[in-house]
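To start, the structure under review is shown below, and the notes come after it.
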Amino acid sequence: ILALPMPLYDAQWGRVLTCTFAHADANHLWSNLIVQLIILPMFEWDAGTGAASLVYVLSAVCGSLAQAVAYTGPATILLGASGAVFGIIGGHLSTIMLNWGDGIQAPVIYFTVVVFYITKEVVTAATTESNVARFAHLIGALSGALIGLAVTVNVQKRSYEQYMRWNGAIGA
């Protein structure tokens with residue numbers, strides 16, 4: 001469990017990843033599991049097991065680090081796989097955008113719902129104070145999208161897609 005705010009000089013860095021596997025209660029666990037059970041298999045199918053695993057783990061670490069560094073509220077505990085879950089969402093969106101029209105065509109309603117969900121999180125993070133790890137959500141989604149651009153399968157290569165992949169690799 002990662003206690004926040006984290007004193008960086010005295011950090012136990014293994015907790016940056018292990019907090020992903022601890023949850024506050026059954027509702028918290030189920031909300032993360034449902035997203036993983038719905039979106040992760042689609043992302044893994046489209047991007048490959050290696051890319052999906054890499055996005056999951058690196059997004060979890062990036063989200064936890066961002067929350068630990070940026071959080072300035074009262075001391076609290078970071079729990080859950082939110083960074084990884086949002087990383088999966090961001091990674092899958094980047095895979096869909098990179099391969100749109102090349103055999104990977106997510107339903108428009110799916111794409112719209114995911115974009116709406118991330119937008120809602122951005123607005124909520126900017127306008128409310130709570131114990132929810134909003135930095136983990138936002139940075140998890142952003143890192144998932146950037147890492148996804150760098151490592152996912154590109155079915156049919158186009159010149160502008162290489163530019164997107166380089167931006168993803170540099171941004172991650």
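The values are calculated or read from the model by the stated rules, or taken from the named source; none is laboratory data. Please read all numbers here as calculations on a predicted model, not as lab measurements. Cβ sites come from the backbone with ideal geometry, for glycine too, and all protein chains shown count toward neighbours. Side chains included, ligands, DNA and RNA excluded: accessible areas come from the protein's heavy atoms. Shrake-Rupley method; radii C 1.70, N 1.55, O 1.52, S 1.80 Å.
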The one condition residue 161 fails out of (1) open to solvent by less than 50 Å² (accessible area, probe 1.4 Å); (2) at pLDDT 65 or above is (2)
Expected single match for farther than 17 Å from residue 95 by Cβ and either touching a residue at least 60 places away in the same chain (Cβ under 8 Å) or open to solvent by 30 Å² or more (accessible area, probe 1.4 Å) (or both) among 75, 47 is 75
Being modelled with pLDDT under 70 and either within 17 Å of the chain's Cα centre (by Cα) or not in a loop (DSSP other than H, G, I, E, B) (or both): is that true of residue 141 here?
no
Log entry, pairs with first residue in the stretch 12-23 being within 14 Å of residue 85 (Cα to Cα), second being among the β-branched types (Val, Ile, Thr), beta carbons closer than 7 Å, six or more apart or on different chains, reads 17/61; 19/1; 22/1
Here, helices (runs of 4 or more DSSP H) confined to the stretch 48-135 with at least 2 residues that are touching a Lys or Arg at 6+ places or on another chain (Cβ under 9 Å) and either modelled with pLDDT under 70 or at positive phi (or both) are 108-127
